[in-house]
1. Just to be sure, is A97 in contact with a helix residue (DSSP H, G or I) (Cβ under 7 Å, 6 or more places away or on another chain) and either in the same structural domain as L247 (by TED's automatic domain parsing) or farther than 20 Å from A249 by Cβ (or both)?
2. Which one of these is on the phi < 0 side of the Ramachandran plot, among the small types (G, A, S) and out of contact with any helix residue (DSSP H, G or I) (no Cβ under 9 Å at 6 or more places or on another chain): A244, A249?
3. For the range 96-185, which helices (runs of 4 or more DSSP H) that fit wholly inside it have 1 or more residues that are surrounded by fewer than 18 Cβ atoms within 10 Å (Cβ to Cβ) and acidic (D, E)?
4. Within the range 76-95, can you find the residues that are of a type outside the set (A, V, I, L, M, F, W, C) and either part of a helix (DSSP H, G or I) or touching a strand residue (DSSP E or B) at 6+ places or on another chain (Cβ under 7 Å) (or both)?
5. Residue under question is R85, and the condition is that it be of a type in the set (K, R), within 30 Å of E166 (Cβ to Cβ), within 15 Å of the chain's Cα centre (by Cα) and surrounded by 18 or more Cβ atoms within 10 Å (Cβ to Cβ); does it hold?
6. Take T238 and decide whether it is hydroxyl-bearing (S, T, Y) and surrounded by 15 or more Cβ atoms within 10 Å (Cβ to Cβ).
7. Within the set of pairs 6+ apart or on separate chains, which have a first residue in the range 155-180 that is modelled with pLDDT under 90 and among the polar types (S, T, N, Q), a second that is surrounded by fewer than 21 Cβ atoms within 10 Å (Cβ to Cβ) and outside any loop (DSSP other than H, G, I, E, B), and C-beta atoms under 9 Å apart?
8. Are there any pairs with C-beta distances below 6 angstrom linking a residue in the range 43-56 that is not assigned by TED's automatic domain parsing to the domain that holds L141 and basic (K, R) to a residue that is part of a helix (DSSP H, G or I) and buried (at least 19 other Cβ atoms within 10 Å of the Cβ), with the two at least 6 apart or on different chains, and if so which?
Amino acid sequence: MTSTSRPARRGRLKLTTWLGLRDALIGALAGVVEYAAAQVPRAQRSPAKAVHEFRKSVRRARSLLRLIRDFVPSGDYTRIDRDLRDALGGASGLRDADVLLGTLRGLVVSPPELPAARAASRLLRAQLAALRSRKAAPRVLRSGAAKLRGVVDQLSAALPTALSDERLARGLSRLFRRAERALERAREEREEDAIHDWRKRVKEVRYALELLTPPTDAGKLPLHQLAADLAEQLGEITDLIILARFLRAAEKELAPVSAAGLVQSIHREVQRRFTPAARIGVKLHRDPPKALAREAIAAARGPAPRLASPGPLVSPGPSASPLASPRPSASPAPDSPSDAQG
């Protein structure tokens, strides 16, 4: 696997600013892919944590790919995205049981709903025990990591030599637009599927902004924190939605106990939490998508350094970009169709 940077801290997307934009994007993908692969040996001692980190890393990789889809030929984009999607594979099922158990424990349950909550807790604990006894996490993550092995080289071969901030801004603008439309649908319908889809679109924006984090905390914009806060709130809401779906699907396993009352309570909690989350969403989209994208990329460049003598920050080259800044010295570095799947 070709890598141009060390694995990102805690699997986060990060541009290596002294590289040209092309190499920095490849390096960002390499960082999260390597971090995902590093979860395979960790799955033996901490399966739930390893699966969670693996899934987040692959989702970050998919968000990066969507950000730069204008740079990548359609056939290459489809193949890389398919490999990333396939890498998630069975990891979702492993993670859900653990998350749902935690979500269930965090609910404030009324006395009439206690029997259903206890029955659901027993069922989820049994599912977790079965998964752990089969050592499913290491096996599933090994399979997923194998599907990731070629994606960095595929992207390296597919990316053109010359990239520009303008086209990157176009990709970010598209992600903002998708999230804004998903917010509008969620506010209009207030249904589970619409809220879940909105969460996916917000995560894409959050991870793109994570990639474009300014070099200093002082350079961060309100939208960086808004996107992070919104993604966290929507994550908790989505966990409740998935728990309600689990309870409905497990009707036979929970019998003779009925979970209908508990499901209704969860639905009310989803609606209660949705209102403040929607307010944050409105704040996030205070400006048109193009303006937000330009603002985020300008912040990612950081303030222009003062030079002793006038001159270019980066030697002219095919991948030079305004996002690139000088390599640190040794002493103190048109819209595409929307994707069908999240």
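The values are calculated or read from the model by the stated rules, or taken from the named source; none is laboratory data. It should be emphasised that the depicted structure is a prediction, and the values quoted were computed from it without experimental measurement. Note that we place each Cβ from the backbone using ideal geometry, even for glycine, and neighbour counts take in every protein chain shown.
1. No, not satisfied.
2. Result: A249 is the single residue among A244, A249 that is on the phi < 0 side of the Ramachandran plot, among the small types (G, A, S) and out of contact with any helix residue (DSSP H, G or I) (no Cβ under 9 Å at 6 or more places or on another chain).
3. On the way: elements: 114-133, 136-148, 151-158.
Result: 151-158.
4. D76, Y77, T78, R79, D81, R82, D83, R85, D86, S92, G93, R95 - these are the residues of the range 76-95 that are of a type outside the set (A, V, I, L, M, F, W, C) and either part of a helix (DSSP H, G or I) or touching a strand residue (DSSP E or B) at 6+ places or on another chain (Cβ under 7 Å) (or both).
5. In short, no.
6. Details: hydroxyl-bearing (S, T, Y): yes; surrounded by 15 or more Cβ atoms within 10 Å (Cβ to Cβ): yes.
When the stated conditions are applied, T238 passes them.
7. Between residues of the range 155-180 that are modelled with pLDDT under 90 and among the polar types (S, T, N, Q) and residues that are surrounded by fewer than 21 Cβ atoms within 10 Å (Cβ to Cβ) and outside any loop (DSSP other than H, G, I, E, B), there is no close pair.
8. Close Cβ pairs satisfying both conditions: none exist.
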